[in-house]
Amino acid sequence: MLSCLCCALLATSYTIDLGLPTLKSTGDYTKVNISGGQLYAQPGEPALPWLASKLLLPLGEEAGKITVKMSNPHRFKLDKPIQPADANYPFSMKEVPPPFGPDEKIYTSETP
């Protein structure tokens, strides 16, 4: 009796094109947005956009290795620092808390 074991190596590539961000100066800061993205940061940190993605795998399959590669990076010269994030609060609050303000350790740092 001859047994044959066949293995198929499936490699899947998935590309997300973020496009260029929109930069809008308001007051003392610059707001950064990406189409379809959401802003996230701890209070006082720069509010930067992020984008989540779900990948469906065939039934019974598992992701073995996920690699994220950046391609065609762009640098932007900002006239004003990125807007710091405020604290989150429930919409049911009658009084909105004041803006949190920038984290001085981050905003006075010499490294990006």
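A few points about this structure:
- Model label points for Asn88 and Lys24, set 7 angstrom from Cα along the Cα-to-Cβ axis, are 2.2 nm apart.
- Derived scalar couplings between HN and Hα for the range 84-89 equal x, 7, 8, 6, 7, 8 Hz in order, rounded to whole Hz, by the Karplus curve 6.51 cos²θ - 1.76 cosθ + 1.60 (θ = phi - 60°), x for Gly and Pro.
- Restricting the calculation to Cα atoms, the chain yields a radius of gyration followed by a Dmax of 21.6, 79 Å.
- Computed over the range 48-112, the Cα gyration tensor eigenvalues convert (square root of 5λ each) into semi-axes of 35, 24, 11 Å, ordered from largest to smallest.
- Highest to lowest packing among 84-96, 40-52, 63-75, scored as the average C-beta count within 10 Å: 40-52, 84-96, 63-75
- Using just its DSSP H runs of length 4 or more, each adding -39500 (n - 2.57), the chain gives a mean residue ellipticity at 222 nm of -500 deg cm²/dmol after division by all residues.
- Each label was represented as a point 7 Å from its Cα along the Cα-to-Cβ direction; for Ala63 and Lys105 these points are 3.0 nm apart.
Laboratory data are not the source of any read-out in this text; all were calculated from the coordinates shown. Remember, predicted model here, so these are calculated numbers, not experimental data. For neighbour counting, all protein chains shown are included, and Cβ atoms are generated from backbone atoms with ideal geometry for every residue, glycine included.
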